[in-house]
1. Only one of (1) part of a helix (DSSP H, G or I); (2) surrounded by 13 or more Cβ atoms within 10 Å (Cβ to Cβ); (3) within 23 Å of the chain's Cα centre (by Cα) is not met by residue A:101, so which one is it?
2. Is one or more of the residues making up the range B:106-117 surrounded by 10 or more Cβ atoms within 10 Å (Cβ to Cβ), under 27 Å from the mean Cα position of the chain (by Cα), free of Cβ contacts under 8 Å to residues at least 12 places away in the same chain and under 23 Å from residue B:140 (Cβ atoms)?
3. When you scan the range B:181-200, do you find a residue that is more than 10 Å from chain A (Cβ to nearest Cβ), on the phi < 0 side of the Ramachandran plot, at pLDDT below 95 and more than 22 Å from the chain's Cα centre (by Cα), even just one?
4. Tell me, which residue of the range A:299-310 that is touching a residue at least 12 places away in the same chain (Cβ under 8 Å) and closer than 17 Å to residue A:139 by Cβ is surrounded by the fewest Cβ atoms within 10 Å (Cβ to Cβ)?
5. How about the range A:33-62: which of its residues are over 14 Å from residue A:199 (Cβ atoms) and in a loop (DSSP other than H, G, I, E, B)?
6. Could you please find all residues in the range B:17-52 being over 60 Å from the mean Cα position of the chain (by Cα) and modelled with pLDDT under 90?
7. Residues that are crowded, with 21+ Cβ neighbours inside 10 Å, within 24 Å of residue A:98 (Cβ to Cβ) and under 14 Å from the mean Cα position of the chain (by Cα): does the range A:152-170 have at least one?
């Protein structure tokens with residue numbers, strides 16, 4: 001209305017709204033509103049608008065068992081609505097007297113990348129754009145200089161003469177830098193050693209991605225695309241339930257399997273038996289035997305002080 | 001007075017700009033990235049956790065047809081089958097056993113069937129210490145020569161175990177030597193690796209493919 005208000009009282013003796021000023025003002029207002037509405041269009045196209053329930057959800061550590069039951073039901077409902085598959089979502093807690101560790105035999109790994117794809121299938125990772133927790137590095141014999149590594153190798157046959165391969169994934173550090181930098185405590189280390197992420201609490205600032213010395217964390221730049229027939233319905237809250245756009249994810253030692261006593265998916269699919277997993281607190285477990293008796297190239301990037309729970313070892 | 005005359009002009013121009021903006025937003029003229037290149041889904045065979053081979057013990061467990069292991073269906077029980085060698089002292093594998101590839105060790109000296117099979121009872125195995133072993137206990141035969149590997153396998157450092165790490169919650173399925181290794185030619189064959197990571201930008205992928213085509217010298 002200020003536009004129609006006379007600027008100069010002397011120039012508008014009747015001081016009312018003339019037909020001309022009314023039309024002019026309404027035309028300007030209408031185009032202005034149309035432009036504002038048009039510029040908000042991307043907001044209305046958002047696919048991932050959180051439901052009120054999800055938006056108001058409390059922090060994982062503050063949820064009572066009753067709250068959690070409701071949350072799991074909500075997730076099951078939402079997944080079923082989106083993929084047409086009724087999942088089984090659980091909130092598995094760390095087992096008493098269990099601390100996980102992983103060992104990988106560098107003498108046996110042939111670099112076939114089966115672990116990469118078994119992980120994608122098990123953990124409901126986005127297929128396009130691709131999110132993969134495991135990166136297999138090909139390195140020439142005689143060096144651990146990661147600058148010399150190649151992850152895009154595609155020969156007809158592996159292993160290649162003169163090279164070895166080293167799969168790298170989240171190292172589940174004792175002293176995880178990703179946890180320290182999270183401004184909202186959406187990622188933390190559990191008592192069994194797994195560093196987990198609450199996907200409903202993550203704000204997507206990607207500080208953790210920058211802090212990780214192992215490039216282990218992945219960001220969902222878009223809504224993940226997973227074909228419904230490839231969805232793994234056996235899910236865990238802190239594990240492989242489908243993520244949304246704008247949150248971080250990473251390897252969690254297949255929490256939905258390992259906390260139920262099973263081996264991780266990458267281990268089960270490895271054709272050479274290079275991957276070993278278990279409870280280090282049990283002195284008779286496979287993993288304890290390996291750490292005790294094998295030549296362990298301690299941990300990747302030992303010098304940065306993260307103290308990983310992921311060990312690389314050699315035969316002989 | 002001059003400024004007042006210019007007001008309608010400015011307003012008209014502004015209106016035109018707004019209308020233009022509105023039209024641009026509605027027609028998605030910018031801000032939308034080009035569509036991503038399709039990434040083919042991986043072959044489900046790559047996700048298979050089964051071992052390459054099945055052991056005799058697996059066949060017994062699955063109650064399968066074991067007629068292939070009925071040695072005395074063809075062989076004579078009274079005398080050990082004769083072995084024939086060519087002029088280079090290489091074993092001639094008879095056509096009945098053409099599926100057997102003799103390639104145990106790169107030295108070529110392990111070319112005698114009865115280094116492992118028992119010539120007096122073909123349905124059993126016999127390590128050099130004279131023990132008689134059933135076919136399903138072949139790991140002990142392997143261990144009679146490959147001591148350190150057997151020790152590692154026994155402790156879990158070598159070989160595959162599927163199932164449960166926590167045996168209170170379920171069984172750990174420890175695989176035998178022959179689940180992965182062909183006893184007649186145990187060296188692990190090479191295989192084609194599964195597809196590597198795809199980039200968001202197809203041009204990068206194309207460059208990489210071109211690079212892979214050209215003979216690399218690194």
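1. Here residue A:101 meets the rest and fails (1).
2. Taking every residue of the range B:106-117 in turn, at least one turns out to be surrounded by 10 or more Cβ atoms within 10 Å (Cβ to Cβ), under 27 Å from the mean Cα position of the chain (by Cα), free of Cβ contacts under 8 Å to residues at least 12 places away in the same chain and under 23 Å from residue B:140 (Cβ atoms).
3. no
4. Selected residue: A:301.
5. Across the range A:33-62, the qualifying residues are A:40, A:45, A:46, A:47, A:49, A:51, A:56, A:58.
6. Hits for the range B:17-52 are B:18, B:19.
7. Checked against the condition, which is being crowded, with 21+ Cβ neighbours inside 10 Å, within 24 Å of residue A:98 (Cβ to Cβ) and under 14 Å from the mean Cα position of the chain (by Cα), the range A:152-170 yields at least one hit.
Conditions tested, residue by residue: (1) closer than 20 Å to residue A:80 by Cβ; (2) under 16 Å from the mean Cα position of the chain (by Cα).
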| position | (1), (2) |
| --- | --- |
| A:206 | no, yes |
| A:215 | no, yes |
| A:233 | yes, no |
| A:255 | no, yes |
| A:264 | no, no |
| A:268 | no, no |
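The values are calculated or read from the model by the stated rules, or taken from the named source; none is laboratory data. Model, not experiment: these values are computed from the prediction. Here the Cβ is made from the backbone with ideal geometry for all residues, glycine too, and neighbour counts use every protein chain on show.
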